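What follows draws every value from the coordinates through simple rules; no lab data is involved. What you see is a predicted model; the values in this text were computed from it and never measured. So basically every Cβ, Gly included, is an ideal-geometry build from the backbone, and we count neighbours across all protein chains shown.
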């Protein structure tokens, strides 16, 4: 499904190039649940951003399906981005001014989903994550775990095939973290491709494949 | 989608109360100014466009050439409209208006005794055919067809008779003569250049039945048929002049030409052409228009600056939305909708404010602000266009900046002070440039006004009052003068043709002898007491004496008229003051005039004009004003004493004293208005700019709270912190100041060009203006930095 070929990402400084990613080759099949691990600064987030089309400033080739991303037009890339990817952040990144309901609704608005359809999708998600009673609350009124659930609901509202999660449990205590990971497992079982970056080894056990990154290189890549 | 945009916009505006408040208030003030000025400009612009086919109506003016000097006058002879009607097929209608108020007021008795009325004119029977004002009562064609018929306006009818229907058929006395009221017409609209209460039939006038080619005292108007070539019409009038005036022109060596002025151009046209109502200089309309645009620009800039400054705060939101699939256009829509909501809100508040302020604004602009106009389709269209334009201009740049942020950088908060810092800096420079520039202009306008009011005019106008008297009383004037002085409430009394502040009568001077070059001279008919009453300084010769006057009264062909000239007249003839004494010249009809004395030049017109040649001659019979010098002490007491004597000696004419110095100040009404308007505008501009500055400083202070706290921990005082925050802004204001000085120099030159006698502007206006704006800016910054400085560093640093 996704094919990265010889990806380099670097920053030009005055005397040398500092590589964040170097010679990364990666092939991801539909339905995999991949965990990226590695120390801080290993390039986990950068790799996620490149996979999620948020960062286009790199060398190498990126194929999504049969198509080379770099050869796509801006509009096509943007459509691909909208239709295929969902994002979950360590700091939840909900919009403070919007209610739970409206946060989940936002990506649907940008996808021009009709009003009736939006309502049914959001109702289903609220029900699934048991947040119906909280739909009119603002993010600040929720606990961290609840906020991240909203974050996940928002990420999957658009029915993406690929879910990208950057340290999704980094700000949560273990009980909440476990709950989130169970949700991931469920989503994976339903067929969603998931790629998560994490520091916590125990999270990797929910996945099917573990990739270790060190200094911008893939050090190991194993099936679990 | 739009519902969502609106919801988010509302919540954002609610959350940032300070910014929303500043923007709302700023835009409201700017919009109120803009709408009020627009209404004023529209009013001035709409003058005389209410008559049907106004494009075909023209006022007839006259160019008078004699000895290479030409003079434009706004009046023409009484024969003109009749001749045009009879001999010119292209003339559809022609009418005459004789404005008596330029000569004197009339006394009207509508049953309750004599009252002085000033807005009185005579018109011929074609008046309503050219100017289709509404006739509320009376029969067209029978209004002015005979002498002693009179039409009043609705307001006058209400005032004198209680209502319109009561008025028709009533007989009133005008200066003792009986007139029948034949009709009531609508009030003259405020945007008509005509404004009268009474319109009498011109048939009453001695030239009414017997029109003449001289004098040229009448306002004449024509309505030309459709498709008439105006240039051809004017050259046809030239042939008419040749036919009727050709012989006179040859004999007296003058030339006259009539030309047309479109009726809609009268109000804003050449100010030297006389017209019924004082006009408005187009220059002022342009200045006001520019100022209106500048004020709204400052309001918009406040929004732009605050919105881009707070872009940093909204990085995260923008980044998230992009990650969730928002494209640039969708984000742009969201941010622009915020500025539209704000503009719309400000517009609604503005309309309320204008509604409440309307009575005060009327006084300021001297014109009624038509709120109905705002409710008309044109007005609503204007308001909608204004809101759209302001909303778009305010929202465009910040929305582009915000929607253009890259999501990863935005989420990582890696952007420093929001994009476009140099744009914001230039905008701040522009705002303060405008504020300082307007303030300097205000001081320049005021300096010239003060100069004109306080300059030594060359005569004494303190404690000098003028009272006009009727023609019939002139023979008793010597007695009346003596009685007034005997009462102790008058020190000196003199008869004069006019107040010395603005002497109007024009004469022709023939120096005679070998000096053949004639020239125009202003004539002042007075009595022997004038020189002493207004303290004119004689530099040579002496005042008129009784024996001089006796010689001028001889009617045997040897009469000799004593005159006193000013220095300008003497210079014109190439003499010095001493050698002029005793010479004979011809002044108008006074063929044998003896120069008795020379007075030092004094200003007998507004200071817009140079002091021209002036001849003072003894002719009390031609005078109509008493100039009375009252003693020190309570003026109202003296005046009531004088009024008591007056009532006994001049029955039928109320004692209406005018203080000459306040009448003099009234010559500068238009400058006074400009000064008031400039003061207001510059105040608004400064207020708006300071509000914007306050917002920006608040933003900077917030961003630098941590830095300031660290400095405080390290021992910085309040003043150090102020310096840290102020220095960047002071640099910008410095640039503004330099630009404003350049503008001020240009403005001073441009403004003073309109005055023959100019004040020295000096550096004071510049220093005061720039100093004032700097001080206010430092106070604004100081207030904000003090609030930050007072924060407890322990708390602010902990939160990091």
(message) Per q in 0.12, 0.13 Å⁻¹, report the Debye log10 I(q)/I(0) for region A:2-223, using one uniform scatterer on each alpha carbon and no solvent.
(response) -0.66, -0.78
(request) Please report how far the C-alpha centroid of region A:63-134 lies from that of region B:284-340, rounded to the nearest whole angstrom. (result) 27
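Between residue A:72 and residue A:208, what length in nm is gained on full extension when 0.36 nm per residue of separation is reduced by their alpha carbon distance? Kindly include the intermediate steps, with their values, before the conclusion.
Numbers: separation 136, 0.36 × 136 = 48.96 nm, distance 3.06 nm.
Length gained between residue A:72 and residue A:208: 45.9 nm.
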(request) Would you mind giving the mean number of other chain beta-carbons within 10 Å of the Cβ of each residue in A:106-113, as a whole number? (result) 5
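In percent, how large is the relative contact order of region B:464-666, given Cα pairs closer than 8 Å and 6 or more residues apart? Numbers along the way, then the final one.
On the way: 407 pairs, mean separation 72.6, N = 203.
Value for region B:464-666: 36 percent.
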(message) Suppose R0 equals 41 Å. What FRET efficiency, 1/(1 + (r/R0)^6) with r the Cβ-Cβ distance, do residue B:539 and residue B:277 give to the nearest 0.05?
(response) 0.55
(message) Suppose a student asked you for the relative contact order of region A:2-223, using Cα pairs under 8 Å spaced at least 6 residues apart; what percent would you report?
(response) 31
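For chain B, which semi-axes, largest first and in whole Å, follow from the square roots of 5 times the eigenvalues of its Cα gyration tensor?
Values: eigenvalues 792, 230, 127 Å².
Semi-axis lengths for chain B are 63, 34, 25 Å.
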(message) Please give the Cα centre distance for region B:370-403 versus region B:429-470, rounded to the nearest Å.
(response) 37
(message) With the crude spin-label approximation of a point 7 Å out along Cα→Cβ, what separation in nm comes out for residue B:735 versus residue B:135?
(response) 6.8
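Rounded to the nearest 5, what is the percent of antiparallel bridges among the DSSP beta bridges in region A:2-223?
On the way: 21 of 38 bridges.
So the antiparallel bridges amount to about 55 percent of the total.
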(request) For a label point 7 Å from the Cα of residue B:290 along Cα→C-beta, name the residues of region B:738-755 whose backbone N is under 11 Å from it. (result) B:743-744, B:746-748, B:750-751
(request) Mind giving me the nanometre distance, one decimal, between the label points for residue B:2 and residue A:199, set 7 Å out from Cα along Cα→Cβ? (result) 4.9
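With the Cα gyration tensor of region B:614-677 giving a ≥ b ≥ c as the square roots of its eigenvalues, does the rule (a/c under 1.5 for rounded; else a/b larger than b/c for prolate; else oblate) give rounded, prolate or oblate? Can you show the working numbers first?
Numbers: a/c = 2.20, a/b = 1.37, b/c = 1.61.
Since a/c reaches 1.5 but b/c is at least a/b, the shape of region B:614-677 is classed as oblate.
Considering every residue in B:313-324, what mean count of other chain Cβ atoms within 10 Å of its Cβ is obtained? Intermediate values should be presented prior to the final figure.
Details: counts 0, 0, 0, 4, 5, 0, 2, 9, 5, 4, 13, 18.
That average works out to 5.
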(message) 7 Å from Cα along Cα→Cβ at both residue B:687 and residue B:787: what's the point-to-point distance in nm?
(response) 2.0
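Would you calculate, for chain B, the mean residue ellipticity at 222 nm contributed by helices, counting each DSSP H stretch of 4 or more residues as -39,500 (n - 2.57) and dividing by all residues, to the nearest 500?
Details: 26 runs with 406 residues, N = 800.
Helices in chain B give a 222 nm mean residue ellipticity of -16500 deg cm²/dmol.
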(message) Which residues among region B:643-669 fall inside the zone where the amide N is under 19 Å from a point 7 Å beyond the Cα of residue B:636, along Cα→Cβ?
(response) B:643-645, B:655-663
(message) Assuming 0.36 nm per residue, please report the length gained on full extension of the stretch residue B:778 to residue B:707 beyond their Cα-Cα distance.
(response) 23.5 nm
(request) Within region A:120-142, which residues have the backbone N less than 15 Å from the label spot 7 Å out from residue A:179 along Cα→beta-carbon, could you tell me? (result) A:126-135, A:141-142
(request) Please work out how much length the chain gains when fully extended from residue B:749 to residue B:344, using 0.36 nm per residue of separation minus the C-alpha to C-alpha distance, in nm with one decimal. (result) 141.8 nm
(request) Beta carbons within 10 angstrom, averaged per residue: use that to sort the peptides B:71-83, B:780-792, highest first. (result) B:71-83, B:780-792
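Sort the following peptides by mean Cβ neighbour count (other Cβ atoms within 10 Å, averaged over residues), highest first: B:528-540, B:163-175, A:142-154.
Numbers: B:528-540: 18.8, B:163-175: 16.5, A:142-154: 21.5.
The densest-packed peptide leads the list: A:142-154, B:528-540, B:163-175.
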(message) Cβ neighbours within 10 Å, averaged per peptide: list B:23-29, B:232-238 in order, most packed at the top.
(response) B:23-29, B:232-238
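Quote the relative contact order of chain B in percent (integer), defining contacts as alpha-carbon pairs under 8 Å separated by 6+ residues.
Numbers: 1341 pairs, mean separation 117.2, N = 800.
It rounds to 15 percent for chain B.
With a ≥ b ≥ c taken as the square roots of the eigenvalues of the C-alpha gyration tensor of region A:72-126, please select rounded if a/c is under 1.5 and otherwise prolate if a/b is larger than b/c or oblate if it is not? Show your work: numbers first, answer last.
On the way: a/c = 2.24, a/b = 1.31, b/c = 1.71.
Here region A:72-126 falls in the oblate category.
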(request) Please work out the Cα center distance from region B:159-198 to region B:240-262, rounded to the nearest Å. (result) 36
(request) Please work out the FRET efficiency for the pair residue B:248 and residue B:679, using the Cβ-Cβ distance as r and a Förster radius of 41 Å; give the result to the nearest 0.05. (result) 0.20
(message) Using helices alone, I'd like the mean residue ellipticity at 222 nm for chain A: each DSSP H run of four-plus residues gives -39500 (n - 2.57), total over residue count, nearest 500.
(response) -10500 deg cm²/dmol
(message) Let me make sure I get this right: for region B:427-580, a, b and c are the square roots of the gyration tensor eigenvalues over alpha carbons, sorted descending. Under 1.5 in a/c it's rounded, otherwise prolate if a/b > b/c, else oblate. Which is it?
(response) oblate
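I'd like the mean, over residues of A:90-99, of how many other protein chain beta carbons sit within 10 Å of each residue's own Cβ. List each step's numbers first, then the result.
Values: counts 0, 2, 0, 7, 1, 7, 4, 9, 5, 2.
Average per residue, whole number: 4.
I'm a student and want to see the number: the projected area of the Cα convex hull of region B:480-563, averaged over all directions, in nm².
Working: hull surface 31.0 nm².
Spelled out: convex hull of the Cα atoms, projected over all directions, averaged, 7.7 nm².
Suppose R0 equals 41 Å. What FRET efficiency, 1/(1 + (r/R0)^6) with r the Cβ-Cβ distance, do residue B:669 and residue B:158 give to the nearest 0.05?
Working: r = 28 Å, r/R0 = 0.68.
Given R0 = 41 Å and the Cβ-Cβ separation, E is 0.90.
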(request) May I ask for the Kirkwood hydrodynamic radius of region A:180-224, worked out over all distinct Cα pairs and given in angstroms to one decimal? (result) 11.4
